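Chemist: First the structure, which I've put down as structure tokens, then a few questions once you've had a look.
The values are calculated or read from the model by the stated rules, or taken from the named source; none is laboratory data. Since the structure is predicted, the reported quantities are computational estimates derived from the model, not experimental observations. Positions of Cβ are generated from backbone atoms using ideal geometry, with glycine treated the same way; all protein chains shown enter the neighbour counts.
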Amino acid sequence: MMIKLTRMDEREFVLNADLIEEVQETPDTVITLTNGKKLLVKDSADDIINKVIVYRRKIVAGISRTGERS
């Protein structure tokens, strides 16, 4: 599952939220990925956290639905 973010030049892109290791505001928002790559984005750290929470809730909801019996 991916989250949609905005680069500093206003271009939108999607990022695999599972690759996020760290988010810092320096004051610009810098995302460090698990491979060490750094991304500079316009989204605030709080916005990114909220998007990841929504992403994870969708995963859990999907698991719950597939585990239900008819």
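Chemist: Can you tell me which residue within the stretch 38-53, out of those that are touching a residue at least 24 places away in the same chain (Cβ under 8 Å) and within 15 Å of residue 18 (Cα to Cα), is farthest from the chain's Cα centre (by Cα)? First the steps, then the outcome.
Modeler: Going through the stretch 38-53, the residues touching a residue at least 24 places away in the same chain (Cβ under 8 Å) turn out to be 39-43, 48-49, 51-52.
Keeping just the survivors that are within 15 Å of residue 18 (Cα to Cα) gives 39, 48-49, 51-52.
On the way: 39: 12, 48: 5, 49: 7, 51: 6, 52: 5 Å.
Only one residue tops the list, namely 39.
Chemist: Still on this structure, I have one more. When the stretch 1-38 is examined, which residues are found to be farther than 14 Å from residue 49 by Cα and of a type in the set (Gly, Ala, Ser)?
Modeler: 36
Chemist: What is the number of the single condition among (1) part of a loop (DSSP other than H, G, I, E, B); (2) free of Cβ contacts under 8 Å to residues at least 24 places away in the same chain; (3) surrounded by 14 or more Cβ atoms within 10 Å (Cβ to Cβ) that residue 35 does not meet?
Modeler: Against the list (1) part of a loop (DSSP other than H, G, I, E, B); (2) free of Cβ contacts under 8 Å to residues at least 24 places away in the same chain; (3) surrounded by 14 or more Cβ atoms within 10 Å (Cβ to Cβ), residue 35 comes up short only on (3).
Chemist: Okay, next question. Can you name the residue in the stretch 1-32 that is part of a strand (DSSP E or B) and crowded, with 16+ Cβ neighbours inside 10 Å and, of all such residues, is farthest from the chain's Cα centre (by Cα)?
Modeler: Let us first name the residues in the stretch 1-32 that are part of a strand (DSSP E or B), namely 2-7, 12-16, 20-25, 29-32.
Next cut, crowded, with 16+ Cβ neighbours inside 10 Å only: 3, 5, 15, 20, 23, 29, 31.
On the way: 3: 5, 5: 8, 15: 6, 20: 7, 23: 10, 29: 13, 31: 9 Å.
Within the stretch 1-32, the match that is farthest from the chain's Cα centre (by Cα) is 29.
Chemist: So, one more: Being in a helix (DSSP H, G or I) and of a type in the set (S, T, N, Q) is the filter; apply it to the stretch 38-66 and report the residue that is modelled with the lowest pLDDT. Walk me through how you get there before you give the answer.
Modeler: Residues of the stretch 38-66 in a helix (DSSP H, G or I): 45-66.
Narrowing further to those that are of a type in the set (S, T, N, Q): 50, 64, 66.
Numbers: 50: 97, 64: 69, 66: 60.
Selected residue: 66.
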